[in-house]
Amino acid sequence: MFSSSQRQILRAISESGPLSRSALMSILGVSKGAMSGLVRDLIDRGILQETVPVYGSGRPSLLLDIHPNCALTLGVSLIQDPAPVVLTDLGGTIIAQATIPLSRDPATIATSITEAVAQLLASNPDAKERLAGIGIALSGFVDETQSHCIQSTLLGWQNVPLAEMVAAHVEVPVYIENDAKAVAVSEKLFGETREITNFSLVSFGDGIGCAHFIDGQLYRGNHGGAGEIAHLTIEPSGLPCRCGKRGCLDTVSSMHAIREAARAEGMVCEQLDDIEVQAATGNSKAIRILHRAGSALGLAIAHIIQLNDPGQILVTHDEHAFDGLFGTVMRQAIEANVLPQQAVQTNIRTLRVDHNVWARGAAAIAAHRFLVNPAGPY
């Protein structure tokens, strides 16, 4: 569909945000005439669009960006029950959505996804010809080809070829990805970190996820398992973790762990707000729980900063109260456990996300493949 040079253009824009023709000429090392032809073809096909002008010493130049309506992708989140399925454009805007029951049986899930895809395409007649791919986000390890779930404790899966199972019933490519990595790709493509080359995303919720972009590209490691901080050992003699180890970050700092710790102390806690309110009234048990959880998460993030030196840490959450004691202690722990210079230079941001973040992230996986490299790795 695209020439290798056009793929380079799309990759450059997806990694850096809107670019001028001259900037793209420098990146590709081609002449002005060659660039003009490449860009004109992509504009004529509706893939690229001209956006805001950039003023310099000569004539203003228009920045080129990917046209959000040039293709559609489907995203499925296997993090929630029922599992959301969304149809999005390449700007991350949700056009239509449905839900399917979450199941631990791969064949049942594959069938449900296939039926949901057919339902969404039937209700959006012009979508089928523009559908570029399907992405599926799940909690667990995904292989380097993004076709097999190597292991998911949440789903009870080992070596499940889910992408292949779904692809057998649809006419577009299918990719699976770890949930945090999917959200990171979504933020890089059309979110908070689009113009940031090096960043790490930490997702806080019932579990804790993490993903890293290095030199503008998602770092997956040799086998797809890079970035998994949930199972860093924080307390060597701590509580048993669902992964089989003890004292993992997930057993201390996740929302699930905070709820369990609160209940063990006789407190009602369904969301972070509940325990934050009790801590604000001076409840020593609530304060202790939030200090322990926030300190552990901050320590883990400090380790990321020392290892990767990212330009930004983006912490995503769906909780209302993230600027209370938990968030304050987290930031204090980060500052206390990194070199002073890095503490000043690394921007720590929090971002509240909605319940569609995982499905939108899954759709972004398919969008990224369509734009950059359908057949190969990131």
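Pull out all pairs, ordered by first then second residue, where Cβ-Cβ is under 9 Å, the residues are six or more apart or on different chains, the first lies in the stretch 300-320 and is at negative phi, and the second is hydroxyl-bearing (Ser, Thr, Tyr) and surrounded by fewer than 22 Cβ atoms within 10 Å (Cβ to Cβ).
308/219; 311/197; 314/350; 315/350; 316/350; 317/350
Given the stretch 267-378, what helices (runs of 4 or more DSSP H) lie entirely inside it while holding 1 or more residues that are open to solvent by 30 Å² or more (accessible area, probe 1.4 Å) and hydroxyl-bearing (Ser, Thr, Tyr)?
In the stretch 267-378, 284-308, 325-336 are the helices (runs of 4 or more DSSP H) which contain 1 or more residues that are open to solvent by 30 Å² or more (accessible area, probe 1.4 Å) and hydroxyl-bearing (Ser, Thr, Tyr).
When residue 104 is evaluated against the numbered criteria (1) touching a Gly at 6+ places or on another chain (Cβ under 9 Å); (2) not in a loop (DSSP other than H, G, I, E, B), which criterion, by number, is the only one it fails?
(2) is the only condition that residue 104 fails.
Report yes if residue 80 is out of contact with any strand residue (DSSP E or B) (no Cβ under 7 Å at 6 or more places or on another chain) and either touching a residue at least 24 places away in the same chain (Cβ under 8 Å) or of a type in the set (A, V, I, L, M) (or both), otherwise no.
So residue 80 passes the test.
Tell me, which residue of the stretch 129-147 that is part of a loop (DSSP other than H, G, I, E, B) and touching a Leu at 6+ places or on another chain (Cβ under 7 Å) is nearest to residue 103 (Cα to Cα)?
139
Please work out which one of (1) farther than 23 Å from residue 205 by Cα; (2) more than 18 Å from the chain's Cα centre (by Cα); (3) in contact (Cβ under 8 Å) with a residue 60 or more places away in the chain is the condition residue 150 fails and give its number.
Unmet condition: (1).
For residue 122, state whether it is at negative phi, in contact (Cβ under 8 Å) with a residue 12 or more places away in the chain and small (Gly, Ala, Ser).
No; evaluated as a whole, the condition is false for this residue.
How about the stretch 148-265: which strands (runs of 3 or more DSSP E) wholly inside it have at least 2 residues that are open to solvent by less than 50 Å² (accessible area, probe 1.4 Å)?
149-152, 157-160, 174-178, 199-204, 208-214
Residue 108 is checked against (1) over 20 Å from the mean Cα position of the chain (by Cα); (2) crowded, with 17+ Cβ neighbours inside 10 Å; (3) of a type in the set (S, T, N, Q) and fails just one. What number does that condition carry?
Only one criterion in (1) over 20 Å from the mean Cα position of the chain (by Cα); (2) crowded, with 17+ Cβ neighbours inside 10 Å; (3) of a type in the set (S, T, N, Q) is unmet by residue 108, namely (2).
Within the stretch 108-128, does at least one residue satisfy the condition of being touching a strand residue (DSSP E or B) at 6+ places or on another chain (Cβ under 9 Å) and assigned to a strand (DSSP E or B)?
Scanning the stretch 108-128 turns up no residue that is touching a strand residue (DSSP E or B) at 6+ places or on another chain (Cβ under 9 Å) and assigned to a strand (DSSP E or B).
Quick check on my filter: what residues within the stretch 200-240 are aliphatic (A, V, I, L, M) and out of contact with any Asp or Glu (no Cβ under 6 Å at 6 or more places or on another chain)?
201, 202, 211, 214, 218, 226, 229, 232, 234, 239
Any residue that is open to solvent by 10 Å² or more (accessible area, probe 1.4 Å), under 19 Å from the mean Cα position of the chain (by Cα) and basic (Lys, Arg) - is there at least one of those in the stretch 130-144?
no
The values are calculated or read from the model by the stated rules, or taken from the named source; none is laboratory data. Remember, it's a predicted structure, so these values are computed and weren't measured experimentally. Quick reminder, even Gly has a Cβ in these numbers, built from the backbone with ideal geometry, and neighbours come from all protein chains shown. SASA here: full protein model, heavy atoms, side chains in, ligands and nucleic acids out. Shrake-Rupley method; radii C 1.70, N 1.55, O 1.52, S 1.80 Å.
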